[in-house]
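Single-structure report; data block below.
Nothing in this text is a laboratory measurement; each read-out follows from the coordinates by a stated rule. No experiment lies behind these values; they were computed from the predicted model shown. As a convention, Cβ positions derive from the backbone with ideal geometry for all residues, glycine included, and neighbour counts pool all protein chains shown.
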Amino acid sequence: MQLAQVGNILGGEKALGTKLVSKMDLVELGNKGITKKAVSSLANYLSLSSKQVADLLPVTERTLHRYSSHQHLNQSISEQVLHIAEVLVKGTEIFQEKAKLLLWLNTPHKVFSGNTPFSLLKSRFGTELVLEELGRIEFGVYS
């Protein structure tokens, strides 16, 4: 996975306050907390409203609106945003086009009990399931 791409999806060094070079940078960023600006960048990348992006995170839309753009969010929100960005990078690598990835994310699949991969991004466990399925697609092992 390209950490620079995770950074780009989240608004780059300007929004994150750091350059992502290693997985340890993700750990530190999760602990420190990402900024609301990074969440806004994720929403823009996915073409989501603030309500839709808040629905993916352990925070209400109202609470998210209370943060200033450079204010750091808590660890659980930050880590979920980082996990979602990882899925987007992995999916873009596999599908080679953002539009194809978004189509796959929004299509119900039997492997997810008829749910869309996008709907599973609300939890760490769902995100892991989506990453595992992307790995199977990458290596041609379909469930």
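Comparing mean-square fluctuations of Lys23, Lys122, Lys32 from a GNM of the chain with C-alpha springs under 10 Å, the top value falls on Lys23. In plain terms, the chain is cut at each of the chymotrypsin sites (Phe, Trp or Tyr not before Pro) found in a DSSP loop with at most 11 other Cβ atoms within 10 Å, and the longest leftover piece is 1-138.
Normalised by the number of residues in the range 3-138, the average gap of Cα pairs under 8 Å and 6 or more apart makes the relative contact order 22 percent. Comparing the range 3-138 with the 2.2 N^0.38 Å rule of thumb, its C-alpha radius of gyration ratio is 0.99 (two decimals). Students often get this wrong: which residues of the range 48-66 have the backbone nitrogen under 20 Å from the point 7 angstrom along Cα-to-C-beta of Asn74? Under cut-off, by backbone N: 51-66. Between Arg66 and Lys23, the modelled label-to-label distance comes to 3.5 nm, taking each label 7 Å out from Cα in the direction of the beta carbon.
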